[in-house]
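This report refers to the structure that appears directly beneath it.
Computed from the coordinates by the stated procedures, all read-outs in this text should not be read as laboratory data. Computed from a predicted model, the values in this text were never measured in an experiment. Cβ placement follows ideal geometry from the backbone for every residue including glycine, while neighbour counts extend to all protein chains displayed.
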Amino acid sequence: MSLRPMRWWDVEAVAALDAELFPHDPWSAEQLWGELAHVPETRWYDVHEDADGIDGYVGLYAVPPDGDVATIAVAPRSQRQGIGRALLDALVVEARRRGVTQLFLEVLETNEPAIALYESSGFESQGRRRDYYGPGLHAVVLRRRLAREEAAS
Ligand SMILES: CC(C)(COP(=O)(O)OP(=O)(O)OC[C@H]1O[C@@H](n2cnc3c(N)ncnc32)[C@H](O)[C@@H]1OP(=O)(O)O)[C@@H](O)C(=O)NCCC(=O)NCCS
């Protein structure tokens, strides 16, 4: 897996992918710049590349002991090849390194691929946020505990 930190010169490609994958609420280049401005203090962003360029990215917002999966996405051409799981695993390693003991995320309740990925990675439902993504677009809140002893490793 070809993972590496996201850099400022990746922002345009990531914003284009975000617009394709989250058409109702994409992150602009300015928002991504804002996120990268907080690396490494409270943020961590990695990308995955194939021969055609960036095809996946993931972001962590961490204020230990809590962390949030800020974003995770894989380009349609590269989905179902294990890249999403590799990105999430890398985020978990980084979260543990920072002393995060519980990771949260919100996901559209109809997003079955993402929910399957999260549940198979040990995330559990904490409840629901009505209209979180807009009228009628409800979110599920998921949490994964990271054991303290693992957080120290
Ligand atoms: C969710 C997403 C990141 C998964 O990335 P991916 O690289 O395709 O996922 P992987 O190949 O690593 O698959 C990991 C697991 O996710 C689940 N999964 C992924 N795609 C799935 C699909 N279409 N249907 C059902 N389960 C799916 C499976 O449990 C899979 O494990 P398996 O292959 O052993 O069955 C990707 O579908 C995506 O970018 N979607 C659009 C953006 C998005 O919704 N992001 C999440 C916002 S909260």
Neighbourhood net charge (10 Å Cβ-Cβ; Lys/Arg +1, Asp/Glu -1) for Arg4: -2
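Considering all alpha-carbon pairs of the range 3-151, what whole percent are spaced by more than 24 angstrom? Walk me through the intermediate numbers first.
Numbers: 3281 of 11026 pairs.
For the range 3-151, the fraction of Cα-Cα distances above 24 Å is 30 percent.
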Coordinate range along principal axes, alpha carbons of the range 75-128, Å, largest first: 34, 26, 15
By average C-beta atoms within 10 angstrom, highest first, the peptides 94-103, 123-132: 94-103, 123-132
Under-5 Å amide H pairs with Asp50, H placed in peptide plane, nonlocal only: Asp55
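Arranged from highest to lowest average of other beta-carbon atoms within 10 Å per residue, in what order do the peptides 32-38, 61-67 appear? Write out the running numbers ahead of the final one.
Working: 32-38: 15.4, 61-67: 17.1.
Result, highest mean Cβ count within 10 Å first: 61-67, 32-38.
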Under Karplus coefficients 6.51, -1.76 and 1.60, residue-wise ³J(HN,Hα) of the range 136-143 in Hz, glycine/proline x: x, 10, 8, 10, 9, 9, 10, 9
Proximal charge balance of Leu117 [Cβ under 13 Å; K/R count +1, D/E count -1]: 0
